[in-house]
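**Q** One structure is given below, represented as structure tokens, and several questions about it will come after.
The values are calculated or read from the model by the stated rules, or taken from the named source; none is laboratory data. Every value quoted in this text rests on a predicted model; they were computed, and no experiment measured them. In this analysis, Cβ positions are derived from the backbone assuming ideal geometry, glycine residues included, and neighbour counts consider all displayed protein chains.
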Amino acid sequence: DSGVTQTPKHLITATGQRVTLRCSPRSGDLSVYWYQQSLDQGLQFLIQYYNGEERAKGNILERFSAQQFPDLHSELNLSSLELGDSALYFCASSVGPSGGETQYFGPGTRLLVL
Amino acid sequence: GNSVTQMEGPVTLSEEAFLTINCTYTATGYPSLFWYVQYPGEGLQLLLKATKADDKGSNKGFEATYRKETTSFHLEKGSVQVSDSAVYFCALSAAGSGGSNYKLTFGKGTLLTVNP
């Protein structure tokens with residue numbers, strides 16, 4: 001158990017809909033990272049927040065957004081969903097702001113868009 | 001940009017066989033290198049890491065040496081067990097194009113199956 005929690009574990013929705021994925025980092029960690037894992041793209045970094053502020057951006061679509069709240073939990077919002085957004089979404093956390101630190105991954109949320 | 005190339009799987013071995021999973025990288029500057037493992041139905045776990053050239057990371061019988069001259073970080077284990085069956089990801093952490101904001105770049109993963 002990494003100490004990182006993600007909800008829900010599974011999500012099934014329809015094209016055009018909007019969903020919110022939630023992540024709680026390990027106690028004491030200030031950084032939260034979001035990744036997308038799909039069969040064709042592999043594991044892709046989406047975005048990082050550190051202590052409430054956006055720190056780094058990766059291959060995140062404009063239809064996706066994230067935020068980190070004062071209690072340090074984070075939410076990833078996916079809107080106008082398309083079939084190709086079906087993937088496993090991971091959250092990870094680390095102590096400091098650098099992506100070079102050890103990151104601890106949650107169990108993931110599996111999203112299926114029908 | 002930064003990239004990681006690891007050997008395509010799947011790799012199927014018998015218990016107690018020797019394992020090598022090749023990983024090479026392209027990066028600006030001096031990256032840190034990692035191996036993560038993903039067991040079925042779980043998230044990724046850090047297996048080992050190395051932060052500078054010639055460093056050897058090791059954990060649970062797995063080893064990898066940071067080779068700057070060949071830009072490689074091959075994963076090895078002398079005797080695999082059935083419980084090692086998982087997907088293994090090589091990754092690097094280096095600055096992005098702006099010179100800041102280090103982030104992880106992953107290889108595509110190698111599925112290892114160990115048969116009894």
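**Q** Go through (1) at pLDDT 95 or above; (2) of a type outside the set (Ser, Thr, Tyr); (3) farther than 18 Å from A:Thr109 by Cβ and name the single condition A:Ala56 misses.
**A** Exception for A:Ala56: condition (1).
**Q** Tally the residues that are assigned to a loop (DSSP other than H, G, I, E, B), in contact (Cβ under 8 Å) with a residue 60 or more places away in the chain and under 16 Å from B:Leu47 (Cβ atoms), restricting the search to region A:102-114. Walk me through how you get there before you give the answer.
**A** Applying the first criterion (assigned to a loop (DSSP other than H, G, I, E, B)) to region A:102-114 yields A:102-103, A:106-108, A:114.
Still in the list and also in contact (Cβ under 8 Å) with a residue 60 or more places away in the chain: A:103, A:106-108, A:114.
If we keep only those that are under 16 Å from B:Leu47 (Cβ atoms) as well, we get A:103.
Qualifying residue count, region A:102-114: 1.
**Q** Return the residues of region A:88-114 that are surrounded by 19 or more Cβ atoms within 10 Å (Cβ to Cβ) and away from chain B (no Cβ under 14 Å); say none if nothing qualifies.
**A** A:Leu111, A:Val113
**Q** Condition check: closer than 28 Å to A:Thr109 by Cα, hydrophobic (A, V, I, L, M, F, W, C) and more than 14 Å from chain A (Cβ to nearest Cβ). Does B:Val114 satisfy that? Even if it seems obvious, please write down each step before you answer.
**A** Details: closer than 28 Å to A:Thr109 by Cα: yes; hydrophobic (A, V, I, L, M, F, W, C): yes; more than 14 Å from chain A (Cβ to nearest Cβ): yes.
For B:Val114, the condition - closer than 28 Å to A:Thr109 by Cα, hydrophobic (A, V, I, L, M, F, W, C) and more than 14 Å from chain A (Cβ to nearest Cβ) - is met.
**Q** For region B:20-29, does any single residue satisfy the condition of being under 29 Å from B:Asn115 (Cβ atoms), surrounded by 17 or more Cβ atoms within 10 Å (Cβ to Cβ) and within 11 Å of another protein chain (Cβ to nearest Cβ)?
**A** Taking region B:20-29 first, the residues under 29 Å from B:Asn115 (Cβ atoms) are B:20-24.
Now drop any that are not surrounded by 17 or more Cβ atoms within 10 Å (Cβ to Cβ), which leaves B:21, B:23-24.
Filter once more, keeping what is within 11 Å of another protein chain (Cβ to nearest Cβ): none.
So far as region B:20-29 goes, no, none of its residues is under 29 Å from B:Asn115 (Cβ atoms), surrounded by 17 or more Cβ atoms within 10 Å (Cβ to Cβ) and within 11 Å of another protein chain (Cβ to nearest Cβ).
**Q** Against the definition (modelled with pLDDT of 95 or more, within 27 Å of A:Asp1 (Cβ to Cβ) and crowded, with 16+ Cβ neighbours inside 10 Å), how does B:Leu48 come out, yes or no?
**A** Criteria met by B:Leu48.
**Q** Something else now. Looking only at residues that are at pLDDT below 90 and among the hydrophobic types (A, V, I, L, M, F, W, C) in region B:84-109, which one is surrounded by the fewest Cβ atoms within 10 Å (Cβ to Cβ)? Explain how you work it out, then say what you get.
**A** Taking region B:84-109 and keeping what is at pLDDT below 90, we get B:93-105.
With the extra rule that they be among the hydrophobic types (A, V, I, L, M, F, W, C), the set shrinks to B:94-95, B:104.
On the way: B:Ala94: 21, B:Ala95: 19, B:Leu104: 28.
So the residue we want is B:Ala95.
**Q** Let me confirm something: among A:Thr7, A:Thr20, which residue is of a type in the set (S, T, N, Q), away from chain B (no Cβ under 14 Å) and over 25 Å from B:Cys90 (Cβ atoms)? Don't jump to the end; show me each part of the working.
**A** Details: A:Thr7 fails: away from chain B (no Cβ under 14 Å).
That would be A:Thr20, the only listed residue that is of a type in the set (S, T, N, Q), away from chain B (no Cβ under 14 Å) and over 25 Å from B:Cys90 (Cβ atoms).
**Q** Among the numbered conditions (1) on the phi < 0 side of the Ramachandran plot; (2) more than 12 Å from chain A (Cβ to nearest Cβ); (3) touching a Leu at 6+ places or on another chain (Cβ under 9 Å); (4) touching a residue at least 12 places away in the same chain (Cβ under 8 Å), tell me where B:Lys60 comes up short.
**A** Only one criterion in (1) on the phi < 0 side of the Ramachandran plot; (2) more than 12 Å from chain A (Cβ to nearest Cβ); (3) touching a Leu at 6+ places or on another chain (Cβ under 9 Å); (4) touching a residue at least 12 places away in the same chain (Cβ under 8 Å) is unmet by B:Lys60, namely (1).
**Q** Please work out if A:Glu82 is buried (at least 16 other Cβ atoms within 10 Å of the Cβ), away from every other protein chain (no Cβ under 14 Å) and modelled with pLDDT of 95 or more. Full working, then the answer.
**A** Details: buried (at least 16 other Cβ atoms within 10 Å of the Cβ): no; away from every other protein chain (no Cβ under 14 Å): yes; modelled with pLDDT of 95 or more: yes.
For A:Glu82, the condition - buried (at least 16 other Cβ atoms within 10 Å of the Cβ), away from every other protein chain (no Cβ under 14 Å) and modelled with pLDDT of 95 or more - is not met.
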